[in-house]
Every structure is written in C-alpha cells, then in structure tokens.
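Below you'll find the structure, written out as structure tokens, and then a few comments.
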Amino acid sequence: MSGRRAFGSIRKARSGRFEVRYTGPDGGKYTAGRSFVRKVDASAFLAHVEAEISEGTWVSPKESRERDRAQEVAAERAAITFAAWSERWLASLERLGRTPKTIETHTYRMRQLVPVFGAKPLGAISVEDVDAWYQRIWDAKGPGVVRPIYMTLSVCMNAAVKAGVIAASPCKVPGGQKHRPVRERERQVATPEEVRAAADAMPARLRIAVLLAAWCQTRLGELTGLQRRDFDLDSTPATLRIERQVQYLTGEGPVELPPKSAAGVREIVIPASLVPALRTHLESYVAPAGTAWLLSSERSPRLPLHPNSLRGAWERAREDAGIPWFKFHDLRHTGLTIFAQQGATLAELLHRGGHSDVDVALRYQHATRERDAALAARMDSHVLT
C-alpha cells in the first residue's frame, strides 16, 4: 500500500514496515536507506528532507556518508598523539630512502621530544608550546643542542601536514633550524708545521689519517671508508678514489654508505710528497687484499676503524702538538684553504672537497683532472710528512 503525497511516497512493505522514496533536486531517485516501524515516522523523515531541499541544505545520501566519514577520519587524525605519530613517521623514513644513520639520528632526537610532547594530540600542540620548549632548551643547553632536535621536530610535523593529519605545523621559531657555525666558532686553519706535529703525535698506525684529512681533504666518514684498492700510487700523478663512507650504527656495527652527495664520489690527485708516507702505511698496517681497510680496528682488523677511536687519538695528539683548540674537521678546512691559495677556482674546490651546489655548478665549469693535478703539484711544496 502506498501513500499519495505532494512530496515523496510512503510504501508499506511485506514486513509491515514503511519505506519512503523521493526525488532529489538533482533529479535522482532516493530512499531513506532504512525502513520505519510507524508511518508517522516515515512522514516526518520526508518532511525533514523536503525542508532541507527548500532551504538549500540538502545533500545526497552518498555525499552525506562521505562527509560523515571525512569527519570521522578528521576526528581520528586529530586524536593521534605525538608519540604515536612519531613512531609512524620514523617507520616511514626507510621507505623514503633515508640512510640508516639519518634514521638513527632522528630516533635519538625523538627520545628528547616524546617526553615533552608525546601524550598530546598533534593538533593540540601549539606554536606557543613549541616556542616555549625551544627557549627552555636554548637557555639550559644552548643553540647547538636545541637546533638539531628542533629540526627533527619540524620535519616530523611537516610530514604530518603533508599526510593531512594536521592543518599546519606549529614549528615557527624564527631561524630555529638555521645553523650558524661561523658565528659560534670560527673555523681554524693550521700551518703545515702544526699539521705535521699533530700527525707525529698520533699512534703510528693512525698517522696517515691526519695527513690524508689535511692534504687530500677527506671527511672523517670517507677516511674510515678507504680501502687499499682506492689508491693508485703507481700512476703519474698518484690518485685517490673516494666512493664510500663508513658509519657505525648503535647495535649494528659498521655500515658502508655512499658519500654525502653525488659530488662526494670523486677521484683526486695525491700530492707527491704524501706518496712515500702512504706506501709505508700500506706496507706496514694494511692487509694485501684490495678490500682491506686503510684504517682498521685494532681489536678486529677485518672491521674499519670506529670514528670515535680516531677522534680519541686525535684529541690526545692535538694536545701534545700544542693545538688543543683544533678540531679534526679543521684539517680538511686547512687543506682546502691552502689548495685555494694556489689559485683554484670555486668549481675546482667543489670537486676537490666533494661539495655539491647546483647554482655554482651552473656558473662554473667542472674541475678537470689535469687542473687538479697541476694544483696538487703546486700545493706539494707545502706538504710536510
């Protein structure tokens, strides 16, 4: 049995319940999506729909379901705590191609953040909350501590924005991520005599590390990643191929990785005065296999030297050499500075140091091996071994 109405229709089904049908303003045919026990309830439903159409607030059942689901999802996302999101974000880093060391670094920094923000829903963390935390850590421990942790917080929050979990990042500290190493500490340049004195103060098996860091301008990770096969001391000029770095991960041991950027993979000329010291080191401390580490662990020679072992030896050596203020990375800076003083162009410096800069690359020609050899030969007069 059907009820005749000005808007819609009501039909009594075999079950005894009442069903409604109506035509929407879009011309579509719709039902209530459910049946009613009483006819008066079915009539009330149609009256409500008719009023919505008259007021222009009606939406189709499909749109209504989609809107309700979107609101549910938004509510679920708004309820995600910082601790839960941080776990999800850290798990995504490997899929995004981040290096194991980068993941380990972010994980370590998260341990400083979760006790502060962990229980809060992401959407409840305000700009004021982050500003107050940043200032508190700055005052207590200084910019060198708070900036890298803030960088991890900012990257994590930006990922939440991209995923639609929050509308905007609360990380708005002016210059919060900006690293200012020159203002905090001017990079030092040693004299060739100071470099040699520091090398002489190192254990004999590690002496070559100081000379390579200065005169081949290697980074610490690149240095510990060098193997016998990377050196061609019989060519003229002698060359060094840099194509890997080694990083030690907590609980996992050494991991071989490519250099910091594509520009980090490079072949450079070894100053001639350094070749005899390299030959002596290879003969005395390096196994004959091509994959033997230039600097190996004293306890486990099949493993590369741990960077902390090299740093510890360096800190003692610099004291003995009378340059306690000199950091290991300053050796690389010293070598590049002296290399530049021989007339190297910026492009040649980028090549020698394994730096990467797109804007500079567009303005300058790539360094050539011939020019690199000429500059290395001119620098050779400064090398003391």
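May I ask you to verify whether Glu52 is outside the structural domain of Tyr248 (by TED's automatic domain parsing), at pLDDT 90 or above and under 48 Å from the mean Cα position of the chain (by Cα)? So that I can check it myself, show each step before the final result.
Details: outside the structural domain of Tyr248 (by TED's automatic domain parsing): yes; at pLDDT 90 or above: yes; under 48 Å from the mean Cα position of the chain (by Cα): no.
So Glu52 does not fit the description; no.
Looking at region 110-127, can you tell me whether even one residue there is surrounded by 14 or more Cβ atoms within 10 Å (Cβ to Cβ), under 12 Å from the mean Cα position of the chain (by Cα) and free of Cβ contacts under 8 Å to residues at least 40 places away in the same chain? It would help to see each step written out before you state the result.
Of all residues in region 110-127, those surrounded by 14 or more Cβ atoms within 10 Å (Cβ to Cβ) come to 110, 112-114, 116-118, 120-125.
Filter once more, so that each one left must be under 12 Å from the mean Cα position of the chain (by Cα): none.
No, the conditions are met nowhere in region 110-127.
Kindly provide the set of residues from region 92-109 that are surrounded by 14 or more Cβ atoms within 10 Å (Cβ to Cβ) and farther than 16 Å from Met151 by Cα, ordered by number. Outline the logic, then answer.
Here is the first cut: in region 92-109, the residues surrounded by 14 or more Cβ atoms within 10 Å (Cβ to Cβ) are 93, 98-107, 109.
Matches in region 92-109: Thr99, Pro100.
Would you confirm whether any residue within region 129-136 is in a strand (DSSP E or B) and surrounded by 13 or more Cβ atoms within 10 Å (Cβ to Cβ)?
As a first pass, look at region 129-136 and keep what is in a strand (DSSP E or B): none.
No - not one qualifying residue is present in region 129-136.
Conditions tested, residue by residue: (1) in a helix (DSSP H, G or I); (2) touching a strand residue (DSSP E or B) at 6+ places or on another chain (Cβ under 9 Å).
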position: Ser86; (1), (2): yes, no
position: Ala91; (1), (2): yes, no
position: Glu94; (1), (2): yes, no
position: Gly97; (1), (2): no, no
position: Thr102; (1), (2): yes, no
position: Arg109; (1), (2): yes, no
position: Gln112; (1), (2): yes, no
position: Pro115; (1), (2): yes, no
position: Ala119; (1), (2): no, yes
Practice problem: Could you tell me which residue of region 240-291 is modelled with the highest pLDDT, considering only residues that are among the hydroxyl-bearing types (Ser, Thr, Tyr) and more than 28 Å from Ser381 (Cβ to Cβ)? | Solution: Thr291
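The values are calculated or read from the model by the stated rules, or taken from the named source; none is laboratory data. None of these values were measured; they are calculated from a predicted model. Cβ: placed from backbone, ideal geometry, glycine included. Neighbour counts: every protein chain shown.
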